[in-house]
Each structure stands twice: as C-alpha cells, then as structure tokens.
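Shown next, in structure tokens, is the structure this report addresses.
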Amino acid sequence: MSCQQTTPYYSVDSDVYHTCRNCTLGDNIESDKRRSGEPGRRHLCQRCKDIKAGRVTR
Ligand SMILES: [Zn+2]
C-alpha cells in the first residue's frame, strides 16, 4: 500500500495529523471533528509514516 498524498488533515481533539488519504487512523476521524490545512504543532501520525516508508502492506 502506498500513501495517497493529500492536504494535511487532523482531528481537533488529537495531537497528530495525517497526510495519507488512505490512513486507517485518519479515516476514523469523525467528520465533525475533522479539519484540513496547516496542522500547527501536531506531529505526523505514525501510521502515515509507516505507509510512506512502505511498512504497511494493507
Ligand atoms: Zn495517519
């Protein structure tokens, strides 16, 4: 599985952001809490890192 790069997005109650559209954690964000754009002080989601590094197979 490869990262489907998109605008950074995150949940308002989380301190991580996602850049892969196909991140399963990002996909779990409730739509009313989801924001996209500048992630500020949030850090990149570990799963997004793994997807980009090719460590996620599905
Ligand atoms: Zn992610």
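The residues of the stretch 11-41 that are polar (S, T, N, Q), assigned to a loop (DSSP other than H, G, I, E, B) and within 15 Å of Ile51 (Cα to Cα) amount to a single one, Asn22. Taking the conditions (1) more than 12 Å from Met1 (Cα to Cα); (2) within 12 Å of the ligand (Cβ to nearest atom) in turn, Arg41 satisfies each one other than (2).
Among the residues here, Pro8 does not qualify as free of Cβ contacts under 8 Å to residues at least 40 places away in the same chain, assigned to a loop (DSSP other than H, G, I, E, B) and within 12 Å of the ligand (Cβ to nearest atom).
Here, each number is a calculation from the coordinates, and none is a lab measurement. Note that the structure is predicted; figures quoted are calculated from it, not measured. When we count neighbours, we look across all protein chains shown, and the Cβ atoms used for this are built from the backbone with ideal geometry, even at glycine.
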